[in-house]
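Peer 1: One structure follows; several queries about it will come next.
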Amino acid sequence: MAKKLNKVSLNKKIIKKIEDGLSDYQIYKALKVAPSTFNIWKKEHKQEYNDAKEVASLNALDLVEQHLNKKIFGGWRLKQRYEIGDDGREKLVSYERQQVDPELNAIMFYLKANNPSKWNSLEIAKLKQDEGNIDNLRQLVQDLSKYDVKNYNQDNQEVYEIPSEFDDEV
């Protein structure tokens with residue numbers, strides 16, 4: 001049965017399916033072969049298999065990055081409404097463009113992934129704690145108000161004479 005998988009045309013199709021991201025299970029079930037037979041094929045084509053898995057991984061990362069960017073930056077989507085007609089077929093009744101707002105969780109994930117030293121959970125916890133310390137800030141402002149200029153006596157002001165070289169300019 002393993003010889004069946006070694007046909008050149010089938011070999012290329014298997015590699016293409018792996019690059020498309022199908023799992024081993026999906027492939028050997030579609031081929032109607034046993035897992036052990038597929039494992040024999042994998043051993044015989046180890047380098048091709050690994051290269052195809054790498055391509056699948058890169059494709060998956062590109063797809064995830066595209067979706068993450070949509071969630072970070074927001075954008076527009078097309079909302080379509082369908083109804084079932086009298087003939088039993090689905091018909092497009094209307095469509096509209098809707099603005100999609102950025103998602104906070106996606107933004108936080110992006111920030112943590114790109115600069116973990118700045119956007120780690122400890123730093124975020126400190127920021128939340130600082131928000132809770134508003135009462136301390138209020139107390140500090142009240143304490144500083146004690147040092148208002150109006151609270152000082154103005155009777156003891158000394159008079160300074162202007163030096164003679166500045167007499168003409170005043």
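Peer 1: For region 7-19, which residues satisfy the criterion of being touching a helix residue (DSSP H, G or I) at 6+ places or on another chain (Cβ under 7 Å) and open to solvent by 60 Å² or more (accessible area, probe 1.4 Å)?
Peer 2: The one that is touching a helix residue (DSSP H, G or I) at 6+ places or on another chain (Cβ under 7 Å) and open to solvent by 60 Å² or more (accessible area, probe 1.4 Å): Lys17.
Peer 1: Also, I was wondering about something else. Note down all Cβ pairs under 9 Å where the first residue falls in region 1-20 and is within 17 Å of Asn59 (Cβ to Cβ), the second is among the polar types (S, T, N, Q) and modelled with pLDDT under 95, and they're at least six residues apart or on different chains.
Peer 2: That search, which allows pairs on different chains as well, returns Lys17/Gln26; Glu19/Asn59; Asp20/Asn59.
Peer 1: Checking the structure you have, find out if any residue of region 95-111 is surrounded by 11 or more Cβ atoms within 10 Å (Cβ to Cβ) and among the basic types (Lys, Arg).
Peer 2: no
Peer 1: Hey, another quick one. Sort out for me the helices (runs of 4 or more DSSP H) sitting completely within region 23-114 that have 3 or more residues that are over 27 Å from the mean Cα position of the chain (by Cα).
Peer 2: 24-31, 35-44, 46-73
Peer 1: Could you list all residues from region 25-52 that are within 30 Å of Leu63 (Cα to Cα) and surrounded by 15 or more Cβ atoms within 10 Å (Cβ to Cβ)?
Peer 2: Ile27, Tyr28, Leu31, Phe38, Trp41, Lys42, His45, Glu48, Tyr49, Ala52
Peer 1: Pull up region 101-133, narrow it to residues that are modelled with pLDDT of 70 or more and acidic (Asp, Glu), then point me to the one that is farthest from Trp76 (Cα to Cα).
Peer 2: Here the residue is Glu103.
Peer 1: Give the number of residues within region 56-83 that are of a type in the set (D, E, K, R) and either touching a Phe, Trp or Tyr at 6+ places or on another chain (Cβ under 8 Å) or without any contact (Cβ under 8 Å) to a residue 12 or more places away in the chain (or both).
Peer 2: So the answer is 5.
The values are calculated or read from the model by the stated rules, or taken from the named source; none is laboratory data. Note that the structure is a prediction, hence the values are computed from the model and not measured. Glycine gets a Cβ as well: all are built from the backbone with ideal geometry, and neighbour counts include every protein chain shown. Side chains included, ligands, DNA and RNA excluded: accessible areas come from the protein's heavy atoms. Shrake-Rupley method; radii C 1.70, N 1.55, O 1.52, S 1.80 Å.
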